[in-house]
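Rule-based calculations on the coordinates, nothing more; no lab input. Please read all numbers here as calculations on a predicted model, not as lab measurements. With ideal geometry, Cβ positions are generated from the backbone for all residues, glycine too; neighbour counts draw on all protein chains shown.
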Amino acid sequence: MTHETGTRTEKPFRILPALDERNRHFWTRGERGELTFLRCDACGYLIHPPVAFCPRCEGREVTPHAVSGRATVLTYTVNHQYWMPGPELPYVVAIVGIEEQDDVRLTTNIVECAVDEVEVGMPVEVVFEHHEDVWIPLFRSRGAS
Ligand SMILES: [Zn+2]
């Protein structure tokens, strides 16, 4: 008999991103617990998805920058369908806006809580799920901490 209720003992299958010079920081700095985005050296704008220039001022100097990892749930849906290999059903697919810049949005999963506890406006924090050479940023509630 096992006593594993509530514990994520196995990581779900994930389709992993292809790493390149522009996005590698985003997918690997989770090893250090850091959520990073490219930031424009000239105006400080955070750029996501990563491109080689700043969409606000067209600056060409952009550098990976670690943010707090805090975010807010902007919208979400509960997936009950087995579309493709992934997390155990049901699970929450959410769009979160990061604290530092609301228009930097990530499509992610909300983990470590029941699906019916997730709500729009919920404060969350990043937690990483490690697969091979990739640390996938997921989010959990920070209401209780
Ligand atoms: Zn800029």
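Centroid-to-centroid, using Cα positions, segment 50-74 and segment 14-48 are 8 Å apart.
Using a Gaussian network model of the chain in which every pair of alpha carbons under 10 angstrom is joined by a spring, one finds that among 58, 99, 132 the greatest mean-square fluctuation is at 132. When the Gaussian network model of the chain links Cα atoms closer than 10 Å, the mean-square fluctuations of 90, 123, 64 top out at 90. Antiparallel beta bridges, as assigned by DSSP with both residues in the chain, represent about 95 percent of the total such bridges. How would you classify segment 11-70 from its alpha-carbon gyration tensor, with a ≥ b ≥ c the square roots of the eigenvalues: rounded for a/c under 1.5, else prolate if a/b is greater than b/c, otherwise oblate? It comes out prolate by the Cα gyration axes.
Residue-wise HN-Hα couplings along segment 132-137, as the Karplus relation 6.51 cos²θ - 1.76 cosθ + 1.60 with θ = phi - 60° gives them from phi, are 6, 9, 10, 10, 7, x Hz; Gly and Pro carry x. Nearest 0.05, what FRET efficiency do residue 32 and residue 88 give at R0 = 35 Å with Cβ-Cβ as r? About 0.80, to the nearest 0.05.
Expressed in whole Å with the largest first, what are the equivalent ellipsoid semi-axes of the chain derived from the C-alpha gyration tensor as the square root of 5 times each eigenvalue?
Details: eigenvalues 165, 60, 36 Å².
Those come to 29, 17, 13 Å.
Along the Cα-to-C-beta direction of residue 13, a point sits 7 Å from the Cα; which residues of segment 72-113 have their amide N less than 15 Å from that point? Residues 82-89 fall inside that zone. A cut-off under 15 angstrom between Cβ atoms defines the neighbours of residue 60, and their net charge, with Lys, Arg +1 and Asp, Glu -1, is -1. The alpha carbons of segment 58-112 occupy a box of 43, 21, 18 Å along the principal axes, longest dimension given first.
Quick one: compute the contact order of segment 1-143, relative version, from alpha carbon pairs under 8 angstrom and 6+ residues apart, as a percent. Intermediate results must be reported in sequence, preceding the final value.
Values: 274 pairs, mean separation 31.6, N = 143.
In percent, rounded to a whole number, it is 22.
The residue 60 and residue 112 beta-carbon pair, evaluated with R₀ = 41 Å, returns a calculated FRET efficiency of approximately 0.55.
Close amide H pairs (under 5 Å, H built 1.01 Å from N) link residue 65 with 37, 38, 39, residues at least 5 positions away or on another chain.
Taking 45, 82, 91 in turn, the Gaussian network model of the chain (Cα-Cα springs below 10 Å) assigns the largest fluctuation to 82.
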